[in-house]
1. Would you check if there is a residue in the range 162-179 being within 14 Å of the chain's Cα centre (by Cα), farther than 16 Å from ALA87 by Cβ and either part of a helix (DSSP H, G or I) or not β-branched (Val, Ile, Thr) (or both)?
2. Does ARG185 satisfy the condition of being of a type in the set (D, E, K, R), under 24 Å from TRP18 (Cα atoms) and free of Cβ contacts under 8 Å to residues at least 24 places away in the same chain?
3. Report the residue count in the range 196-231 for those that are part of a loop (DSSP other than H, G, I, E, B) and modelled with pLDDT of 80 or more.
4. Within the range 154-205, can you find the residues that are small (Gly, Ala, Ser) and buried (at least 24 other Cβ atoms within 10 Å of the Cβ)?
5. If you scan the range 233-247, which residues turn out to be surrounded by 13 or more Cβ atoms within 10 Å (Cβ to Cβ) and among the β-branched types (Val, Ile, Thr)?
6. Please find, among PHE249, PHE234, the residue that is part of a loop (DSSP other than H, G, I, E, B), over 17 Å from GLN112 (Cα atoms), in contact with a helix residue (DSSP H, G or I) (Cβ under 9 Å, 6 or more places away or on another chain) and of a type in the set (A, V, I, L, M, F, W, C).
7. Which members of the range 23-32 meet the condition of being modelled with pLDDT under 85 and either crowded, with 17+ Cβ neighbours inside 10 Å or under 30 Å from LEU122 (Cα atoms) (or both)?
8. How many residues does the range 197-213 contain that are under 18 Å from LEU80 (Cα atoms) and out of contact with any Asp or Glu (no Cβ under 8 Å at 6 or more places or on another chain)?
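The values are calculated or read from the model by the stated rules, or taken from the named source; none is laboratory data. Because the structure is predicted, anything quoted here is derived from the model rather than measured. With ideal geometry, Cβ positions are generated from the backbone for all residues, glycine too; neighbour counts draw on all protein chains shown.
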Amino acid sequence: MRMYFRELKAGIKSLLIWTAVIAFLIFVAVGKFAAFEGSPESLAILDNMPPQLLDALSMRAFNLTTLEGFFGVMFVYFALMGAMAAALWGSEAISKEERNRTVEFTLVLPVQRRRIVTTKLLAALTNCALFVLFTWILSVIAVRGYAPEKSLYDLLRLEMLAMFMIELVFLSMGTMLACVSKTPRRVGSMAIGLILWLYFLSIIAGMHEKLTWLRYLTPFGWFNASEFFRSGRFEPYALVLTGLIVVIFLFAAYAVYDRRDLFI
């Protein structure tokens, strides 16, 4: 428990920075919504954009003059920020010991390597849960002046659950990369590069019907705001793939970290 709280304390600054960034995003976005709500004709600018791009970004699936539609489009930003934060928390928790040359001190503790990984992973998971909670609370605060209906709160609940599951995938991915990589200084950039590549893959998947199969290759395709807004639930395959990928990544992380030579 002492190690767990030490990791939590070390991650407070990062959590506060990510929370401040997403708070800024939410309040600026809600400020823009006021312009769309009061002037629906301003949406005419979307007519000049390629239909394929609008479909890929789910901008034609929602009515931007409603809070539900606006936050439906906002989900992609929540997902991206949650994915990046989770991947960095997972990778940083492991790689910083080797990068800062403190891994030797950690290894002399009377605990197994896998227990060290588990403790760091739990601290990073706590940050992920808090980040989702703060995003949820800030969203509710930002829209309270518009007298939102119950449907908005239902959508936010689904979005926050989806955001957390995406975080789980990229938290386990970041942890796995840190455990298997022999270049700790590059783990964070590798994780961000993979996230951006998977995000653009989801955009490509939405541009043409023949490319929709690509959505099954990226977590950003598994959780589509327009789909779970209409159905009120997640697709079963999304939950199965999330659990499967998390188990595979964590199994690889523990298996490799237990045996590889660490950079001291």
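1. yes
2. Judged against the criteria, ARG185 is not a match.
3. Start the filter on the range 196-231 by keeping residues that are part of a loop (DSSP other than H, G, I, E, B), which leaves 206-208, 218, 223-224.
Narrowing further to those that are modelled with pLDDT of 80 or more: 218, 223-224.
So the answer is 3.
4. Across the range 154-205, the qualifying residues are ALA162, SER172, GLY174, ALA178, ALA191.
5. THR242, ILE245, VAL246
6. Numbers: PHE249 fails: part of a loop (DSSP other than H, G, I, E, B).
Going through PHE249, PHE234 in turn, the sole match is PHE234.
7. If the condition is that a residue be modelled with pLDDT under 85 and either crowded, with 17+ Cβ neighbours inside 10 Å or under 30 Å from LEU122 (Cα atoms) (or both), then VAL30 is the only one that fits.
8. Count: 9.
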